[in-house]
Amino acid sequence: MEVSNTEIEGLLVIKPKVYQDERGYFFESWNRELFKSNGIDVDFLQDNQSSSSLGVVRGLHFQNPPNTQGKLVRVISGSVLDVAVDLRKKSPTYGRHKSIILSGENKIMFWIPPGFAHGFSTLENNTIFSYKCSGIYDKKSEGSLLWNDPDLNIDWKIENPIVSEKDKKSERFINFKSRF
């Protein structure tokens with residue numbers, strides 16, 4: 001496994017060791033001891049999976065303290081542009097985002113610790129997205145930022161996005177009061 005830091009402290013890109021032959025492939029998507037030895041010491045409490053069509057945008061979602069969630073995200077099939085926005089008010093990268101292409105083909109995983117908003121856009125039909133969460137979903141703690149906020153200036157790499165009504169009504173970053 002190869003773990004790489006990003007320009008935003010805490011966000012990690014993980015390339016698993018993939019064993020491939022004429023039968024297909026195999027890799028460990030989670031191994032507590034291996035991840036711990038690479039700086040990711042977390043107990044996951046919930047797994048989620050979604051299927052999306054081409055052009056869907058989901059996010060930018062987060063859970064406020066004390067019910068925060070870290071997420072280990074990956075794509076099983078298809079591809080996404082995955083985005084994390086730094087919500088940690090004391091961070092030198094507060095309000096900045098990191099985006100990365102995750103796909104069933106590249107098998108890259110992205111570690112997003114608590115203190116970040118998270119979202120993705122689907123770049124292919126029938127994309128299956130999977131993520132492990134370090135906390136249980138709590139509706140009272142949920143928050144979201146406006147996916148197309150001009151202050152965040154995220155290029156989602158799609159035209160005519162399909163967005164939920166809930167996500168269309170999310171908060172602008174300029175009005176956001178971080179609890180992280």
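The values are calculated or read from the model by the stated rules, or taken from the named source; none is laboratory data. Every value quoted in this text rests on a predicted model; they were computed, and no experiment measured them. Please note: Cβ atoms are built from the backbone with ideal geometry, for glycine as well, and neighbour counts cover all protein chains shown. The area values use the complete protein model at the heavy-atom level, side chains included, leaving out ligands, DNA and RNA. Shrake-Rupley method; radii C 1.70, N 1.55, O 1.52, S 1.80 Å.
Listing for the model above:
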| read-out | value |
| --- | --- |
| Most to least packed among 146-158, 68-80 [average Cβ atoms within 10 Å] | 68-80, 146-158 |
| Coil-residue GluC sites (Glu not before Pro) of segment 5-104, DSSP, other Cβ within 10 Å capped at 13 | 7, 9, 22, 28 |
| Residues of type aspartates and glutamates that residue 107 reaches as a straight line, Cα spacing below 17 Å, ignoring anything fewer than 8 places off in the same chain | 2, 21, 28, 82, 124 |
| Average Cα contact separation per residue, the chain, under 8 Å, 6 or more apart, as relative contact order % | 29 percent |
| Most mobile of 32, 96, 23 in a GNM of the chain (Cα contacts under 10 Å) | 23 |
| Karplus-derived HN-Hα couplings along segment 10-21 (A = 6.51, B = -1.76, C = 1.60, θ = phi - 60°), whole Hz, x at Gly and Pro | x, 7, 10, 9, 10, 10, x, 6, 9, 9, 10, 8 |
| Per residue accessible area of the chain, 1.4 Å probe, in Å² | 54 Å² |
| Where the Cα pairs of segment 12-81 fall when distances are cut into 10 Å bins, in % | 13, 40, 37, 10, 1 |
| Hull shadow area, averaged, segment 31-180 [alpha-carbon convex hull, nm²] | 8.9 nm² |
| Restraint check, 90/168; 36/157; 71/177; 90/157, Cα-Cα greater than 25 Å | 90/168; 36/157; 90/157 |
| Under-5 Å amide H pairs with residue 116, H placed in peptide plane, nonlocal only | 87 |
| Carbon/sulfur fraction of accessible area - the chain, other protein chains in place, 1.4 Å, % | 46 percent |
| For segment 18-53 and segment 103-173, distance of Cα centres in Å | 19 Å |
| Other-chain or far-sequence residues with amide H under 5 Å of residue 162's (modelled H) | 56, 57 |
| Vicinal HN-Hα couplings computed from phi for segment 76-92 (Karplus, 6.51 cos²θ - 1.76 cosθ + 1.60; Hz; Gly/Pro x) | 7, 8, x, 7, 9, 9, 9, 9, 10, 10, 6, 10, 7, 4, 8, 7, x |
| Inverse of mean 1/r across different Cα pairs in segment 106-153, Kirkwood, Å | 13.6 Å |
